[in-house]
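Have a look at the structure below, then the notes.
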Amino acid sequence: MSIKETDQNNTPNPKNIVYDTQDLNLWYGETHALKNINLSINEKEITAIIGPSGCGKSTYLKTLNRMVEMVPSVRTSGDIKYNGKSILDRSFKVEDLRTRVGMVFQKPNPFPKSVYENVAYGPKIHGIRDKKTLDEIVEKSLKDAFIWDEVKDRLKENAYGLSGGQQQRLCIARTLAIEPDVILMDEPTSALDPISTLKVEELVQNLKENYSIIIVTHNMQQAARISDKTAFFLNGEVVEFDETETLFSNPSDKRTEDYITGRFG
Amino acid sequence: MSIKETDQNNTPNPKNIVYDTQDLNLWYGETHALKNINLSINEKEITAIIGPSGCGKSTYLKTLNRMVEMVPSVRTSGDIKYNGKSILDRSFKVEDLRTRVGMVFQKPNPFPKSVYENVAYGPKIHGIRDKKTLDEIVEKSLKDAFIWDEVKDRLKENAYGLSGGQQQRLCIARTLAIEPDVILMDEPTSALDPISTLKVEELVQNLKENYSIIIVTHNMQQAARISDKTAFFLNGEVVEFDETETLFSNPSDKRTEDYITGRFG
Amino acid sequence: MKYIDINQVQQRMNSRIVKNNFLKYIFFFATILGLIVLAALLIQVLYDGLGVIDYQFLTGRLSTEASRAGIMGAILGTLWLMAVVIPVTVIIGIGTALYLELYLKRGRTQSIIQTNISNLAGVPSIVYGILGLTIFVRAMDFGNVVLAGGLTLSLLILPIVVVAAQESIRAVPQHLSEASYGMGATKWQTIRRIILPAALPGMITGSILAISRAIGETAPLTVIGIPALLIPFPEGITDKFTALPMQIYYWTLDSTLVDEYANLAAATIIVLLLILFILNSIAVIVRNKFQQRY
Amino acid sequence: ACGSDDESAGNQNGDNKELEGSVVVDGSGTVYPLMAKMAEEYMINSQPNVSVEVSRSGTSAGFETFLIENGTDFNDASRTIKEEEKAKAEELGMNIKQLKLALDGISIVVNPENDFATELTEQQVIDIFLGKYTKWSDINSDWPSDKIQTYGPNENHGTYEFFYENILDEQDMVGDANLQQEYSTLVKLVSEDKNAIGFFGFGYYDNNKDKVKAVGIDFGNGPVKPSLETISEDGPYANFTRPVFTYLNVDHAKEKPQVLDYAIWVMENVNNYAGEVGFAPLPKEEAEKLANELKELK
Amino acid sequence: MATNSNPNKNAVPVREMIEKKKSSKNISSVFEKLVPTILFLFAIVSILTTIGIIYTLFSETIEFFKRVPITEFFTSTELNPLSQNPDFGILPLINGTILSSLIAMLVAGPIGIMAAVYLSEYASDKVRRTLKPMLEVLAGVPTIVYGFFAFTFVTPLLRSIWPAVDATNILSPGIVMGIMIIPMIASLSEDAMSSVPNSMREGAFALGATRLESTFKVVIPAALSGIIASFILGISRAIGETMIVTIASGSSKNFTFDITQSMQTMTAYIVEVAGGEAPAGSTIYFSLYAVAMTLFVFTLLMNLLARYITRKFREEY
Ligand SMILES: Nc1ncnc2c1ncn2[C@@H]1O[C@H](COP(=O)(O)OP(=O)(O)OP(=O)(O)O)[C@@H](O)[C@H]1O
Ligand SMILES: Nc1ncnc2c1ncn2[C@@H]1O[C@H](COP(=O)(O)OP(=O)(O)OP(=O)(O)O)[C@@H](O)[C@H]1O
Ligand SMILES: [Mg+2]
Ligand SMILES: [Mg+2]
Ligand SMILES: O=P([O-])([O-])[O-]
């Protein structure tokens, strides 16, 4: 299956490539979950990944920070270069990679600790002990995640007291606290109500100034609304990868069209 | 909410009424699950009960053989007459009732015994010990349930070795073995593949010669295909009860129409 | 403004990873430490005791003379104890579980009995010994005979049997009993023909494990009072007795007087462990073989 | 098991009659090895169907279960019965008979590594257990200045009471004395503590000569070590010699032929086994006399 | 409902046969009513056991306190039950009990939790499935066997390393009890950790945490109540353990904190006194019950506390 991004790659590109995926294949035991993926993801853009359930979106995302390795039966071939360095190499330190590449999950998963401790967790494990610095990081991260005003008076309370939307923004703040370059988001709004969703979307768009964002979403409207580029996955393959506007208004693959017009998925 | 079956009751009716439900109300603790049910069910007919999930179909069915009492918090008011006798009375022996009224469940639930023992179970608990009689009953019941040919060589094998559809027909055979007057079926085909479903449907239609059958189904086509009469439940009430043909071709209630045309549920 | 200095983070990264890998081995070692001790225990016991075990040791009578001492009396004592423990605990234990799971309505009484049973499971075995001494040996005047010991051990393991039986009853799917009721079966018929047969493997497994606990129990017997020297074989539940663990106890204590007693104790331990091993294997086999897939 | 066979069963005379039933013995741990040995031999050689069970809760503890309704048949004792114990028996209307079995020598033992305190005077022993010396160097300045650790059987035991009453003259024993229920534990403790000094019956020393060392006691005529030769009521170790007994419930003996039979057998054979388990035998006549008295009961 | 609605349905007149049998069913309906009563009587046994334990302990303990003032019992460090002027202070026994349990927990606590961490966080499924049952074998070894092991193996071993250790001491049985308790703590803690949802770990890993950091800073805090409960149950088990201490710790009743020395626990005291067949009616006999009562209360409180903690602090994720 040929991939439609080739045109894209040939056009002059002022932005740096943060992730370069080359001929990536991934198997869960016998299941061939990712097939010959080739994708170049730009810095300081929002890249959306869409596709029907089970097409490998989450798997791809988790490969980008090697979280997928937590499944014991996983095998990969091909290569992913992060800022030019090959990350699939076992000698590449995953902890290092994950410090640069934050991740936000589908279901908010704050730690069962206080709001403060949730945000301070990352800096702490990376060796920041100074109380004042931590305070500043926490405040800044919460502010960047647009949640400071809602929680500033309950920093010591358990994070599970927050609403779902607040929890998700807290998780984003937690990720911002380690100042990653890239933020991976796996359907970050699918567990949220429409109002919370809107807040998170707004937040994501603001973040793109400083971060490269890759976001998996079921919601095509969302992809259309917020992303710069969109990749359409199907059965473990990238069917089409293009500027979001182009992909939604003028898809070059029949299957993409079928999918975005709701004919399947 | 008035019930549409009144017309029905007034027409001359050559068949005997086997179940007569009068102003039945049922609560699970605080949940009012059945509201003022009035239904007359005829002998040797197939009566289908349809309605969206949670509307009280299973509850009603389980009230007919008082199986619903197994939930400790259940309270009822009103009356159900079975062949003219009030069955909700605590003094009425449930075992007697259930001997006359067989039940087939949604998921096939054979006992973890041999095929033979499954069918012989009912006769045995009712005191039939004679080996020859039991053999005859088992054979006849399995034949009546259209499964004799498939299992006659594996009567001693565990019933769990049968396929889902076979298991369900075995469960029907098991019910037939005690020669009930009425058979209650709660979505008996919803766990089956299309071919098995067809076989069970065919079987049900054959059974109606000798038995009164009340069948709950999610599948409106099924109700239309096999039943003589259909009751449409909604939120614990009977919205409409009529000849199946009438109800599907010419429903008198807007909500019935919305439901059967797929507008909700 | 950057708070996180990526170079610093990278520098620390190595030591964090090394720490993680190092501790992983420590944790693994902690896990197998218990097994190492178990191996040491087995080796020591085999080393001391294996030479003693022969036909005469297994079938002979007790003696003060190490060279002619045998443990048949203790084996028979243990068997007689089990002849009391097994029927009592199995009947009462399963009966209690049936009552709690199938007859008693959820509510206050049920939760009181349930709490009571889990508390009983935590009462030290020596306290059961005192109960047995006070009630069976003295108040009922059985004396320190098999019956008193057996009843004491029965009470001790009863909570374990009850809980295991309850769990296996709960594991029988509701839809099976519904099918039975649906055919007009009475409650007892349903229990007898559907629930009990389905729950039986679990009950047997639980009971065997509880019984092997009873076989190894020593503390309650020391309280009930077992003679240090009892040569005749017990012939019934009203006879005095000694049991394998008691013999281990006395021989261990006296090993400082007569060195060979330590070997007798070790040999008796081998026999005891062998019995427990066989019982546990049976339990595993029952569980694997009769596990129902519904 | 009492009262099952009464007068009708009591008129047998033949010594070889097959008996059955049980004989219950409790009491002294000191006497236990002798009694256990004899019980075993009796069952092997004389009456295989009689069950003699021997426990060893200690002299005093044993008396408590001997002096009750349906108590034990015999109580071994490493001291004579006390007045209050006798009174208890009378109160119950119980007839008991004292049977002297053998002679024991209270052995004072130390750790085998102890090469200085090999000999002590009687008074030094007493003072050690009264706590008048706390270090070995308090006794002899050449000896190490380590703290003396005293050991002995606990108050359950006749040995303790004999020591307390006859040797210490009822003065309180030193507070930190390590008193144990089990003699085996005691032997082990002394064998492993190089500052230990302990006391117990000769048999426990005799069986463990490789683990503990007996101290020679100077009663005025030079040091004497306990041995089957020196232990006797008028020999050189006489001050630390005491008889050991078993007490028979005469009522039980009359009701249960096997109890009486065992008692007679014991008195006829005790001298054959005493030496083997570390007791000095009684004068022959004394044992015979008791055996004959018992035969009268038939 | 007597009308027979399907007269000619069958070759075999099942319906008729059933009806006929029904009339003779009176015996079975009596049986049906009898069964719950019989089962109820069985269920009562466990209640009676509790009542029996509490009643015997309580009534005889009261008798004891009529003879020995309760204040003396709980405050005196002197315990000489058999002497002519007996002292009945339980403190030496409580001291022995606490010391031995403390030693046991110092062994079982860290090792148990490390084993739990390994099994729940590091081990692969296969390794866990083999190691965990093997570890649980340790819990099935009879305590008398551990007693033998402590007395004839661990104590000599300790003495060869540390000569000050006595032939009977509280250290060796404490260590061996700890080993016995490891599987209990490992197993219960592992359950608690395994029930922490994976999303917690993923959250930590995504921030660049190592497994160690996710375990100690996220998983363990989240599973803390289960871990604490397992510790308390371990302590309760150690307090009630009898044979190991009876055999390996001797019967000195000194009030001391020197773990190299022989001392007695509450349980070992009960064995000693009951083994002496203390006759009914003597003060020492009643002391048995007073000590047993204290022991019972100790372990009961521990068990209730463990249950309270698991219920009250059940984690919500
Ligand atoms: N842990 C696993 N083990 C085995 N197979 C897996 C595992 N996780 C995912 N898969 C399989 O890999 C394929 C891709 O899964 P993935 O979760 O990446 O899909 P997805 O596009 O994220 O779907 P969804 O929109 O439902 O989240 C699916 O076929 C899935 O069944
Ligand atoms: N055991 C129970 N306890 C409390 N409420 C119950 C119980 N069983 C059913 N209900 C409630 O009673 C109502 C009717 O349930 P019922 O199972 O009869 O619905 P149904 O029509 O059979 O639905 P479905 O099509 O999903 O089987 C529902 O609101 C349900 O939540
Ligand atoms: Mg996904
Ligand atoms: Mg339903
Ligand atoms: O056991 P004792 O001989 O000292 O009573």
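Among the residues making up the stretch D:61-80, those that are open to solvent by 20 Å² or more (accessible area, probe 1.4 Å) and either modelled with pLDDT of 90 or more or within 14 Å of chain E (Cβ to nearest Cβ) (or both) are D:E64, D:I68, D:E69, D:N70. Note on the stretch C:173-200: residues that are open to solvent by 20 Å² or more (accessible area, probe 1.4 Å) and part of a helix (DSSP H, G or I) amount to 12. The residues in the stretch A:105-117 that are basic (K, R) and more than 9 Å from every other protein chain (Cβ to nearest Cβ) can be counted, and the count is 0.
Would you confirm, using the coordinates I've provided, whether A:N65 is crowded, with 23+ Cβ neighbours inside 10 Å and either on the phi < 0 side of the Ramachandran plot or under 15 Å from the mean Cα position of the chain (by Cα) (or both)?
For A:N65, the condition - crowded, with 23+ Cβ neighbours inside 10 Å and either on the phi < 0 side of the Ramachandran plot or under 15 Å from the mean Cα position of the chain (by Cα) (or both) - is met.
The set of residues in the stretch B:165-220 that are part of a helix (DSSP H, G or I) and of a type in the set (S, T, N, Q) comprises B:Q166, B:Q167, B:Q168, B:T175, B:S196, B:T197, B:Q205, B:N206.
In summary, B:E157 fulfils each of the numbered conditions (1) crowded, with 21+ Cβ neighbours inside 10 Å; (2) under 27 Å from B:E202 (Cα atoms); (3) not β-branched (V, I, T) with the single exception of condition (1). Residues of the stretch B:51-75 that are near ligand 2 (Cβ under 6 Å from one of its atoms), out of contact with any helix residue (DSSP H, G or I) (no Cβ under 7 Å at 6 or more places or on another chain) and among the polar types (S, T, N, Q): B:S53, B:S58. Applying the condition of being closer than 25 Å to E:V196 by Cα and either free of Cβ contacts under 8 Å to residues at least 40 places away in the same chain or within 17 Å of the chain's Cα centre (by Cα) (or both) to the stretch E:101-120 and asking which residue is surrounded by the fewest Cβ atoms within 10 Å (Cβ to Cβ) yields E:P110.
Candidates D:K188, D:K211: the one that is open to solvent by less than 50 Å² (accessible area, probe 1.4 Å), within 17 Å of D:F116 (Cα to Cα) and not in a strand (DSSP E or B) is D:K211. Note on the stretch E:183-288: enclosed helices (runs of 4 or more DSSP H) holding 1 or more residues that are without any contact (Cβ under 8 Å) to a residue 40 or more places away in the chain are E:198-206, E:211-214, E:266-275. So is C:L264 open to solvent by 10 Å² or more (accessible area, probe 1.4 Å) and not acidic (D, E) or not? No, not satisfied.
Per the listing C:P232, C:P173, the residue uniquely touching a Ser or Thr at 6+ places or on another chain (Cβ under 7 Å) and away from chain E (no Cβ under 12 Å) is C:P232.
For every residue, the table says whether it meets (1) closer than 27 Å to E:F153 by Cβ; (2) within 14 Å of another protein chain (Cβ to nearest Cβ).
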| position | (1), (2) |
| --- | --- |
| C:L50 | yes, no |
| C:F57 | yes, no |
| C:L62 | yes, yes |
| C:L79 | no, no |
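Can you find even one residue in the stretch B:26-38 that is more than 11 Å from ligand 2 (Cβ to nearest atom), within 14 Å of another protein chain (Cβ to nearest Cβ) and open to solvent by 60 Å² or more (accessible area, probe 1.4 Å)? No, the conditions are met nowhere in the stretch B:26-38. The number of residues in the stretch E:145-166 that are open to solvent by less than 10 Å² (accessible area, probe 1.4 Å), out of contact with any Lys or Arg (no Cβ under 9 Å at 6 or more places or on another chain) and among the aliphatic types (A, V, I, L, M) comes to 2. On the basis of being within 7 Å of another protein chain (Cβ to nearest Cβ) and exposed (fewer than 13 other Cβ atoms within 10 Å of the Cβ), does C:Q8 make the cut? So C:Q8 passes the test.
Yes/no per residue for (1) of a type in the set (A, V, I, L, M); (2) under 15 Å from the mean Cα position of the chain (by Cα); (3) within 29 Å of B:I37 (Cα to Cα):
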site: B:E187; (1), (2), (3): no, yes, yes
site: B:A191; (1), (2), (3): yes, no, yes
site: B:S196; (1), (2), (3): no, no, no
site: B:V204; (1), (2), (3): yes, yes, yes
site: B:G236; (1), (2), (3): no, no, yes
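For the stretch A:181-191, a residue qualifies if it is more than 16 Å from ligand 3 (Cβ to nearest atom) and either free of Cβ contacts under 8 Å to residues at least 24 places away in the same chain or more than 11 Å from chain E (Cβ to nearest Cβ) (or both), and the qualifying residues are A:D181, A:V182.
Please work out if E:L57 is open to solvent by 50 Å² or more (accessible area, probe 1.4 Å), within 14 Å of another protein chain (Cβ to nearest Cβ) and assigned to a helix (DSSP H, G or I). When the stated conditions are applied, E:L57 does not pass them.
Only one of (1) modelled with pLDDT of 90 or more; (2) out of contact with any Phe, Trp or Tyr (no Cβ under 7 Å at 6 or more places or on another chain) is not met by A:P72, so which one is it? All conditions are met except number (1).
For the stretch B:69-104: of the residues being within 11 Å of chain C (Cβ to nearest Cβ) and open to solvent by less than 20 Å² (accessible area, probe 1.4 Å), which is nearest to ligand 1 (Cβ to nearest atom)? Looking at residues that are within 11 Å of chain C (Cβ to nearest Cβ) and open to solvent by less than 20 Å² (accessible area, probe 1.4 Å), I get B:V104. Can you spot a residue in the stretch D:267-276 that is buried (at least 19 other Cβ atoms within 10 Å of the Cβ), within 16 Å of D:D73 (Cβ to Cβ) and at pLDDT 90 or above? Yes: the stretch D:267-276 contains one or more residues that are buried (at least 19 other Cβ atoms within 10 Å of the Cβ), within 16 Å of D:D73 (Cβ to Cβ) and at pLDDT 90 or above.
The values are calculated or read from the model by the stated rules, or taken from the named source; none is laboratory data. Note that the structure is a prediction, hence the values are computed from the model and not measured. Cβ coordinates were reconstructed from backbone atoms using ideal geometry, including for glycine residues, and neighbour counts include every protein chain displayed. Calculation scope for accessible area: heavy atoms of the full protein, side chains included, ligands and nucleic acids excluded. Shrake-Rupley method; radii C 1.70, N 1.55, O 1.52, S 1.80 Å.
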